[in-house]
1. Of all the residues that make up region 207-221, how many are buried (at least 19 other Cβ atoms within 10 Å of the Cβ) and either touching a strand residue (DSSP E or B) at 6+ places or on another chain (Cβ under 7 Å) or at positive phi (or both)?
2. Of the numbered conditions (1) hydrophobic (A, V, I, L, M, F, W, C); (2) within 16 Å of the ligand (Cβ to nearest atom); (3) over 27 Å from VAL88 (Cα atoms), ALA198 satisfies every one except a single condition; which is it?
3. Looking at SER294, SER288, SER276 in this structure, which one is surrounded by fewer than 24 Cβ atoms within 10 Å (Cβ to Cβ), within 11 Å of the ligand (Cβ to nearest atom) and either farther than 27 Å from ASN157 by Cα or without any contact (Cβ under 8 Å) to a residue 60 or more places away in the chain (or both)?
4. Test each condition in (1) part of a loop (DSSP other than H, G, I, E, B); (2) farther than 30 Å from ILE423 by Cα; (3) more than 13 Å from the ligand (Cβ to nearest atom) for PRO110 and report the one that comes out false.
5. Does LEU409 fit the bill of being of a type in the set (A, V, I, L, M, F, W, C), part of a helix (DSSP H, G or I) and over 17 Å from the mean Cα position of the chain (by Cα)?
6. State which residue pairs qualify: first residue within 13 Å of the ligand (Cβ to nearest atom) and inside region 154-175, second residue basic (Lys, Arg) and not in a loop (DSSP other than H, G, I, E, B) in any location, beta carbons under 7 Å apart, and separation of 6 or more residues or different chains.
7. Quick check on region 366-425: of everything there that is within 18 Å of LEU41 (Cβ to Cβ) and among the basic types (Lys, Arg), which residue is surrounded by the most Cβ atoms within 10 Å (Cβ to Cβ)?
8. Here's a check for you: in region 242-252, which residue that is in contact (Cβ under 8 Å) with a residue 40 or more places away in the chain and more than 11 Å from the ligand (Cβ to nearest atom) is nearest to ALA325 (Cα to Cα)?
Amino acid sequence: MSTAERNVSLDQEINPWEAQNARFDFAARKLNLEEGLWKLLRTPSRELIVHFPVSMDDGRIEMFTGYRVQHSIARGPCKGGIRYAPDVTLDEMRALASWMTWKCAVVNIPFGGAKGGVICDPHAMSKGELERMTRRYTSEIIEFIGPETDVPAPDMNTNEQTMAWIMDTYSMHARRTVTSVVTGKPVNIGGSRGRIEATGRGVMVACDECLRHLTLDRDSCRVVIQGFGNVGSNAARLMMEAGYKIVGIADKEGGLANPHGIDIHQLIGYKDRNQSILGFRGAEAVPSDELLVSECEILIPAATENVITSRNADKIKARVVVEGANGPTTAVADDILAEKRIFVVPDILANAGGVTASYFEWVQDRQGYFWKESQVNEQLETILRDSFDDVVRYAEAHNVNNRIAAYMLAIDRVAFTIRQRGIYA
Ligand code: NAD
């Protein structure tokens, strides 16, 4: 079974929009999806590009470009993160928006998919510049977003402070406080308990389910994690606390390895103080790309896209890959991992803890009634365990890998809803 052409160029292989289309087409064909629905679901419904000015600290005016892409509102308002990075592209936004539609459908929550981003180098900007850029970007996309239409959340290089600025800007224009316009806010202003660590918690639940499914033992499980931001550091901490041995952490500037396990509490404190994991004394320095192909039972790519490609997939030694990041594996690499019989928990299932807790936050904001953290965690874990079972059973029943099973399950749910509603065409 092959999801992708093997002899594509690396540029094509790592284009996330091509990667999503390759999986979508394969899953749609397996489902015998009608041609009209196929065309409808392959195309994002709205794409907004904005160019806007920001006053920089030195008095200059700088122009920035931002995007918001909405893929589908069939099952509810759009939902999806906002990222700040120099290499944000429209194709990346399209892919991430589509993945959000499939992710929400896999965990069966009533949202469609969207994604937004601004081309910028957030690490070279002051807090004041970031605040002004966030507020102006929000005002440029203000007709596009709202609690009933499209609800942003944090993603790469954005956080609860960014969400607080967006909520405040939206509320200033609305002349009333509208907390449910974004999720991932500070708890004090309508955020949900448990949201910050929810994606990492979901990754851990996926790992637990893999162990159960493959009858592996947690105590003898060596784990390597790429990325030590929100997803990676929370997954690492929760998993260490649960008894997993984290033997490698690969971050942007370099990696760390310790066969006896890295003390993640100490490493989090170290990164907070130094803004980097380099120089941490509780582990040996190792190049990040070496860690990705090192000996371990579980590999968790939790940094960015396209880190497992045709260039390194055949060298991966992990028994299980649990995708904390969005799009870390290319379609060509999927086939190589399948040949090696590596058990992959795809991104649209493995990192769905974030959007699930975001759904809880949106519900709490609209009710004005806030849950205890234990309630958030319990409901999150139930949804993710059930979704894992759904995907693995679907894969077995249709003789496809977990990623294609997750796509098929999701496409089937969205298509069913559209057939019920009818197509206004
Ligand atoms: P983040 O900005 O908090 O952290 C990203 C981390 O990855 C940083 O530590 C950075 O140094 C590292 N990194 C970046 N490029 C790297 C590379 N090439 N090699 C090694 N390390 C690298 O971002 P995040 O919120 O943790 O998101 C990480 C991934 O998870 C993204 O793909 C994002 O879309 C996805 N995701 C995030 C959430 C969430 O709730 N934050 C939810 C679902 C999916």
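The values are calculated or read from the model by the stated rules, or taken from the named source; none is laboratory data. A quick note: this is a predicted structure, and the numbers were derived from the prediction, not measured. Cβ atoms come from the backbone with ideal geometry, glycine included; neighbour counts cover every protein chain shown.
1. The number of residues fulfilling the criteria is 3.
2. Just one mismatch for ALA198, condition (3).
3. Unique residue meeting the criteria: SER276.
4. Only one criterion in (1) part of a loop (DSSP other than H, G, I, E, B); (2) farther than 30 Å from ILE423 by Cα; (3) more than 13 Å from the ligand (Cβ to nearest atom) is unmet by PRO110, namely (2).
5. Answer is yes for this residue.
6. ASP155/ARG83; MET156/ARG83; ASN157/ARG83; THR158/ARG83
7. The selected residue is ARG403.
8. Across region 242-252, the extreme among qualifying residues is GLY248.
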